[in-house]
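The values are calculated or read from the model by the stated rules, or taken from the named source; none is laboratory data. Here the structure is a predicted model, which is why all the values come from computation and not from measurement. Glycine also receives a Cβ, built like all others from the backbone with ideal geometry; neighbour counts cover every protein chain displayed. Ligands, DNA and RNA are excluded from the accessible area calculation, which covers all protein heavy atoms including side chains. Shrake-Rupley method; radii C 1.70, N 1.55, O 1.52, S 1.80 Å.
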Amino acid sequence: MTSNDDFVLELLQEAGYVTDDQVEAVKDSLREQGETILDILVQGGAVTEDDVLFLIAQQFGMEYVHVDTEAIDASVVDIISPEVARKYNVVPLYSTDEAVTVALGDPMGYDTIDSLQYVLSKRVEAVVAPSEEVKAAVERLYPEDFETKFGIEADGVDVEQKNVLDVDADSDASEGDAPVIRLVSMIIMEACKMRASDIHLEPLERTFRVRYRIDGVLREMDSPPKRLQAAILSRVKIMSNMKISEKRTPQDGRIQVKVSGRDLDLRVSSVPTNHGESIVMRILDKSNLSLGLPQLGFLSDDQSKFERLIGLPDGVLLVTGPTGSGKTTTLYACLGQINLPDRKIITVEDPVEYQMSGINQVQVNRDVGLDFSAALRSILRQAPNIVMIGEIRDHETADIAMEAALTGHLVFSTLHTNDAPSAVTRLLDIGVKPFLVASALRAAMAQRLVRAICDKCREEYHPSERELKILGPVAKKANLSKMYLGKGCSACGQSGYKGRKGIFEIFQLDDTIQRLIFDRAPSTVLRARAREMGMRTLREDGMLKVASGMTSLQEVLRATMGDAE
């Protein structure tokens, strides 16, 4: 059974036309006979063709009509060639200078409208009519001897060859499914080609907007016609195992796809909005699992420092930063480096973003009471050497993590804080005892992502006095006389940037800082002590990367606006 069959069945169930038993019977018939869903339902007397077509038309915001060939003007008939009319079972009803209105026998044939618009160079507005009525109208208006009778050479344009939606479809797509499947596949493939991290499908009042997040910045793409909004959203929901009839509450799902030989997981989220459901697909590229610490953007001294920290036998190591700052990627890179046969590694995640070989990964499931704290208590009985917790969100999880570190486990996790020393304050705020934090925490690392200058179009320029002033001591130390910017090329999509790198702030504990934590010293005091020990701030690390030509000054300033120094 195709996705279109699922769609029609859910519409009929929601409207109360068919029962669960009838649905199962229809599915069995489809498997045995290979008939269409409409044939089986109509023949069985469960519904009429009018019922089904009216519901589908209503779902797509189209009008449902009956075709009266006597009312169709002869000049309108000439607008569409007989080959096109027969092939797509479509008949023109009336026309203006700007648009032509056509009756479709198949409201699920989404590509027909786009094909006609391309061939006619005119806006096509569609209405739905019974398939047999449209077929009869085509036979009457376009008899087989059309060309001889009127002495006109047929257009002969194969619109399918000129269809702009003609892209590689899913391997399981049937002919009836192909148009909308090709469109959704094209949206996903184009996003992957452009290195997007997210796909945003956003219903607006008059348009259906598609945007990609590329290197952290949203870019608006060519939008599909508004009338295809419902079909596209339904297709994505079917692919991600969501309920397509449920439009009032948020839903989550996942899609696994293979694009150009790359295995991708798409984490899908839908939220109801004023003009329809907004869907975001987050693209999780498994090739990112191969990233090592050098690819994250560490300078050599910070990399050595961080490698020493993740090689410790016990303690808590936290990675902090806002959503989308690359914390999870950093943790996976850490696990990849220390994943050796003599170590047992268990993770607790919500959700499990990447499947890693050799690592036991636990998915949080609050519906059955398996939250972070419950999962963490259980996995500690599995005698792991290393534990990764997706995020510390509450007092109980934090307490268990600290106690696990004190009993010989190395614990990785994340926190949402603006800088590294604030991780201590955050742990104290959620109720962890100062002695636990001071004893168990080894280090906290804050990070941000900045766009890397494209290597293909990178150009030197001489920094202005203002830029040198902003760089401050870094400019003097590096004897900086030139900087870099990307001018834009096809490789980077004319943005001047390609890919992202991290900037980091590593906060390590010493005896003095431990005593300050015991005394509940504020983060400003902890930060001052860490600076005395040589900690670079996020902005200072970023400035060094500007000096090295990795990124631009504008990117660092944008990413570190909250850095007081």
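For a 4.7 Å threshold on C-beta separation, the list of partnerless cysteines in the chain reads Cys192, Cys334.
In the chain, the DSSP beta bridges split such that about 65 percent are antiparallel, to the nearest 5. Report note on the peptides 454-465, 180-191, 547-558: ranked by the mean count of other C-beta atoms within 10 Å, highest first, their order is 180-191, 547-558, 454-465.
Nearest 10 degrees is fine. How inclined is helix 178-193 to the longest principal axis of the chain, computing both from alpha carbons? Taking Cα atoms only, the helix is inclined about 30 degrees.
3J(HN,Hα) couplings calculated from phi for the stretch 396-405 with the Karplus curve 6.51 cos²θ - 1.76 cosθ + 1.60 (θ = phi - 60°) are, in sequence order, 5, 4, 4, 4, 5, 4, 5, 5, 4, 5 Hz; Gly and Pro show x. Secondary structure note: in the stretch 308-427, about 5% of the DSSP beta bridges are antiparallel. Distant-in-sequence amide contacts of Val348, defined by a placed amide H-H separation under 5 Å and a gap of 5 or more residues or a different chain, comprise Val362, Met388, Ile389, Gly390.
When the charge dipole of the stretch 178-294 is built from unit charges on Cβ atoms (+1 for Lys and Arg, -1 for Asp and Glu) and taken about the Cα centre, the candidate among Cys192, Phe208, Ser234 whose Cα reaches farthest toward its positive end is Ser234.
Dividing the C-alpha radius of gyration of the stretch 374-424 by 2.2 N^0.38 Å, with N its residue count, gives 1.14. If the segment from Glu24 to Gln363 were pulled out straight at 0.36 nm per residue, it would be longer than the present Cα-Cα gap by 118.8 nm. In the full protein context, the stretch 299-431 carries 40 Å² of accessible surface per residue, based on a 1.4 Å probe and ignoring ligands, DNA and RNA.
In the frame of its principal axes, the stretch 55-94 has Cα extents of 31, 23, 12 Å, reported largest first.
Rolling a 1.4 Å probe over the heavy atoms of the protein chains gives the stretch 63-112 an accessible area of 43 Å² per residue.
Let me see the P(r) profile for the chain: every Cα-Cα distance counted, bins of 20 Å, each bin given as a percent of all pairs. Spelled out bin by bin, the chain gives 17, 40, 27, 14, 2 percent. Can you compute the FRET efficiency between Lys193 and Asn385 using 1/(1 + (r/R0)^6), with r the Cβ-Cβ distance and R0 = 30 Å? Round to the nearest 0.05. Once rounded, the FRET efficiency stands at 0.15. Across the stretch 66-74, rounded Karplus estimates of 3J(HN,Hα) from the backbone phi angles (6.51 cos²θ - 1.76 cosθ + 1.60, θ = phi - 60°) give 10, 8, 10, 5, 5, 8, 8, 6, 4 Hz, Gly and Pro being marked x.
With the biggest extent put first, the Cα atoms of the stretch 226-347 measure 56, 31, 28 Å across the principal axes.
The share of accessible area on the chain that comes from carbon and sulfur is 47 percent, using a 1.4 angstrom probe. Packing here is the average count of other Cβ atoms within 10 Å per residue, and on that basis the peptides 510-518, 385-393, highest first, run 385-393, 510-518.
For the pair the stretch 280-343 and the stretch 385-454, the centres of their Cα atoms are 14 angstrom apart. Per-residue ellipticity at 222 nm computed for the chain from its helices equals -11000 deg cm²/dmol, with DSSP H segments shorter than 4 residues left out and the rest contributing -39,500 (n - 2.57). Backbone geometry of the stretch 244-251 corresponds, through the Karplus equation with coefficients 6.51, -1.76 and 1.60 at θ = phi - 60°, to 3J(HN,Hα) couplings of 6, 7, 8, 10, 9, 10, x, 9 Hz, x marking Gly and Pro. Whose amide H sits under 5 Å from the amide H of Thr414, counting only residues 5 or more places off or on another chain, with H placed in the peptide plane? Here the answer is Val319, Glu391, Ile392, since their amide H atoms fall under 5 Å of that of Thr414. Principal axis analysis of the Cα atoms in the stretch 296-352 yields extents of 32, 31, 18 Å, listed in decreasing size. In the stretch 409-565 the Cα-Cα distances spread across 10 Å bins starting at 0 as 11, 34, 27, 18, 9, 1 percent of all pairs. The peptide list 447-453, 134-140, put in order of mean Cβ contacts within 10 Å with the highest first, becomes 447-453, 134-140. Note on Phe54 and Gln295: their simple-model spin labels are 5.8 nm apart, each label 7 Å out from Cα toward Cβ.
Under the convention that each Lys and Arg Cβ holds +1 and each Asp and Glu Cβ holds -1, the size of the dipole of the chain around its Cα centre is about 4540 debye. Which shape class, rounded, prolate or oblate, goes with the stretch 59-127 when its Cα gyration tensor gives a ≥ b ≥ c as root eigenvalues, a/c under 1.5 marks rounded, and past that a/b bigger than b/c marks prolate? It is rounded, given that a/c, with a ≥ b ≥ c, falls under 1.5. Shape of the stretch 322-379 from the C-alpha gyration tensor: oblate (a/c of 1.5 or more and a/b not above b/c, with a ≥ b ≥ c the square roots of its eigenvalues). For the stretch 352-424, a simple Cβ point-charge model (Lys and Arg +1, Asp and Glu -1, everything else neutral) yields a dipole of about 240 debye relative to the Cα centre. The charge dipole of the stretch 41-120, taken about its Cα centre with unit charges on the Cβ of Lys, Arg, Asp and Glu (plus for the first two, minus for the last two), comes to roughly 240 debye. Between Leu204 and Arg209, the built amide H atoms are under 5 Å apart, and every one of these is 5 or more places off in sequence or on another chain.
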